[in-house]
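Here's the structure, in structure tokens; my notes come after.
Every number in this text was worked out from the coordinates using simple rules, so none of it is lab data. Just so you know, these numbers come straight off a predicted model, no measurement behind them. So basically every Cβ, Gly included, is an ideal-geometry build from the backbone, and we count neighbours across all protein chains shown.
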Amino acid sequence: MIVEIADFKVRPEQRAQFLQVITGAATTHLAKSEGYLGHRILACQESPGRVVLSVEWAMLEAHTVGFRQSPAFTEWRAMIGPFFLEPPHVEHFDIAAAS
């Protein structure tokens with residue numbers, strides 16, 4: 001399993017709307033992808049224009065190939081992309097420890 005972390009910067013005044021859109025898009029597009037295991041959407045308290053998406057995938061390729069090369073990704077990006085102040089920073093992590 002790997003964890004994708006996507007760090008989004010949006011206009012603070014649009015954060016509530018962005019959270020609604022990304023929550024719906026995660027349910028309709030992301031969650032239906034093969035290899036998807038779960039996600040969390042985090043809204044930063046100190047930086048109101050920052051939202052972090054954490055997605056658990058069965059393996060890296062489930063995200064980088066399966067989802068990102070699918071029509072669902074194009075639709076996902078069309079829904080959330082208009083809110084971006086800059087392209088999101090996305091990286092993939094192995095879980096080193098958990099409690």
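Across segment 1-40, the number of residues qualifying as under 14 Å from PRO88 (Cα atoms), touching a helix residue (DSSP H, G or I) at 6+ places or on another chain (Cβ under 8 Å) and surrounded by fewer than 18 Cβ atoms within 10 Å (Cβ to Cβ) comes to 1. With a requirement of 1 or more residues that are over 24 Å from LYS9 (Cα atoms) and among the hydrophobic types (A, V, I, L, M, F, W, C), the strands (runs of 3 or more DSSP E) lying completely within segment 31-99 that satisfy it span 36-43.
Scanning segment 66-99 for residues that are over 15 Å from the mean Cα position of the chain (by Cα) and among the β-branched types (Val, Ile, Thr) turns up just one, ILE95. If you check PHE83, PHE73, PHE93 for being under 11 Å from VAL3 (Cα atoms) and touching a residue at least 12 places away in the same chain (Cβ under 8 Å), only one passes: PHE93.
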